[in-house]
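Data first, discussion second: the structure below is written as structure tokens.
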Amino acid sequence: MDLSRLEQILDRASSRRITVIGDLMLDEFVWGKVGRISPEAPVPVVEVAGESFYPGGAANVARNLREFVDRVAIIGLLGKDHTGQQLQELLAEQKIDVSQVLEDESFRTILKTRIIARQQQVVRVDREQLITLSNEQVQQVVAGVRQNLGDIDAVIFEDYGKGFLSTAMVSQIAAEASSAGKIIAADPNPRHLIDWRGATVVTPNRAEAFFAAGIRGRDADTAPPDDVNLRRAGETLLQRWETKHVLVTLGEHGMMLFRQNERPHYIPTKARQVFDVSGAGDTAIALFTLGLVCGATPIEAAEIANHGSAVVVSKLGTATVTRDELFANFREDSEHE
């Protein structure tokens, strides 16, 4: 894709309206240095120099979209606690609509703490609680989406396997959104199988695709275009989920796009440096969906997602890609051809 075509697509982005539904969490990064080993146990002692907080999980998808889209809404569950309040404040600062976020006094907002020393993650500490929404809460979410469906161009389901999403919720929203001609995207979780039928696109990574397709996974020892098992997984999921597209993210190997009645399309990675893969999948689904709502072809949308993911993996921490960075990555890639 040349830069003029990319500009044509992204110039439409600001007016689009996208709602993200899924597991919300707060990402905390503790930055420090290691100067010695603890005398109490054979572990490093991290001397803390600072802390950073970012919206995580489904909130990171919304954050990625907000770099391009003026109107982004998020729907998920937060506890009435300090972590939940902090996450709401971060989202409000970025002008992400949190009016449909559910709050529950009995729920503890998910917090993931990563301790980083010398640009390396030493340990991650998760404070989380798996949930099952009540039928009343599910219907509250469905009703909220239904009420605003006329003002939405796309719905993204982001499943981190914490329980907010369910087949009951997804099927109702997908049916109504599909009937209204909206784009529906889903990022699945292998530990939390949901029926994604009705989605426009589902974006599993390689391991998730193999698991969902019932294919024994192993490290790829062949190039993706020649990977028979990868092709079988993608084609199986196209039929099982009855979706138009399955975009399998392949980490350092790029992406493979599967489409109904079309040959699989392989897109090699554009990453030149990889510091941290945290949130790369969030960027991929955000930008693929953004491309589709802006009139890009599925292959063009996958190229945009691939370049965006290449930018975020070059950053440390839960990151986003800006319009300027996306253009720069495309430009650099064309200069290397």
For the range 321-332, state whether one or more residues are surrounded by 17 or more Cβ atoms within 10 Å (Cβ to Cβ), touching a Phe, Trp or Tyr at 6+ places or on another chain (Cβ under 9 Å) and either among the basic types (K, R) or modelled with pLDDT under 90 (or both). no
Within the range 31-49, can one find any residue that is closer than 29 Å to N329 by Cα and not in a loop (DSSP other than H, G, I, E, B)? yes
Please work out if L91 is of a type in the set (A, V, I, L, M) and in contact (Cβ under 8 Å) with a residue 40 or more places away in the chain. no
Inside the range 31-67, can you point out the residues that are crowded, with 24+ Cβ neighbours inside 10 Å and either closer than 12 Å to A286 by Cβ or touching a Phe, Trp or Tyr at 6+ places or on another chain (Cβ under 6 Å) (or both)? G57, A58, A59, N60, V61, A62, R63, N64, L65
Does the range 1-9 contain at least one residue that is in contact with a Leu (Cβ under 6 Å, 6 or more places away or on another chain) and crowded, with 18+ Cβ neighbours inside 10 Å? no
Can you tell which of A223, A174, A186 is open to solvent by less than 60 Å² (accessible area, probe 1.4 Å), more than 19 Å from the chain's Cα centre (by Cα) and at negative phi? A223
S52: passes all of (1) more than 21 Å from the chain's Cα centre (by Cα); (2) at pLDDT below 95 but (1)
Inside the range 193-212, can you point out the residues that are open to solvent by 10 Å² or more (accessible area, probe 1.4 Å) and assigned to a helix (DSSP H, G or I)? R206, A207, E208, F211, A212
Which members of the range 11-30 meet the condition of being open to solvent by 10 Å² or more (accessible area, probe 1.4 Å) and in a helix (DSSP H, G or I)? S14, S15
Does the range 43-54 contain any residue that is under 30 Å from H192 (Cα atoms) and without any contact (Cβ under 8 Å) to a residue 60 or more places away in the chain? yes
Look through the range 307-317, keep the residues that are within 18 Å of G57 (Cα to Cα) and open to solvent by 10 Å² or more (accessible area, probe 1.4 Å), and return whichever of them is nearest to the chain's Cα centre (by Cα). S309
Which condition from (1) among the acidic types (D, E); (2) under 21 Å from the mean Cα position of the chain (by Cα); (3) open to solvent by 40 Å² or more (accessible area, probe 1.4 Å) is the one that E262 breaks? (2)
Any residue that is over 29 Å from I299 (Cβ atoms), in contact with a strand residue (DSSP E or B) (Cβ under 8 Å, 6 or more places away or on another chain) and polar (S, T, N, Q) - is there at least one of those in the range 53-71? no
Subset of the range 74-121 that is in a helix (DSSP H, G or I) and in contact with a strand residue (DSSP E or B) (Cβ under 9 Å, 6 or more places away or on another chain) - its residue that is most open to solvent (accessible area, probe 1.4 Å): Q85
Regarding E300, is this residue modelled with pLDDT of 95 or more, closer than 26 Å to I18 by Cα and acidic (D, E)? yes
Lone qualifier among K182, K162 - being over 26 Å from T318 (Cα atoms) and either in contact with a strand residue (DSSP E or B) (Cβ under 7 Å, 6 or more places away or on another chain) or of a type in the set (A, V, I, L, M, F, W, C) (or both): K182
Return the total of residues in the range 122-156 being out of contact with any helix residue (DSSP H, G or I) (no Cβ under 8 Å at 6 or more places or on another chain) and open to solvent by less than 50 Å² (accessible area, probe 1.4 Å). 5
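The values are calculated or read from the model by the stated rules, or taken from the named source; none is laboratory data. Everything numeric in this text was worked out from a predicted model, so none of it was measured. Note that each Cβ is placed from the backbone with ideal geometry, even for glycine, and that neighbours are counted across all protein chains shown. To get the accessible areas, we keep the full protein, side chains included, count just its heavy atoms, and leave off ligands, DNA and RNA. Shrake-Rupley method; radii C 1.70, N 1.55, O 1.52, S 1.80 Å.
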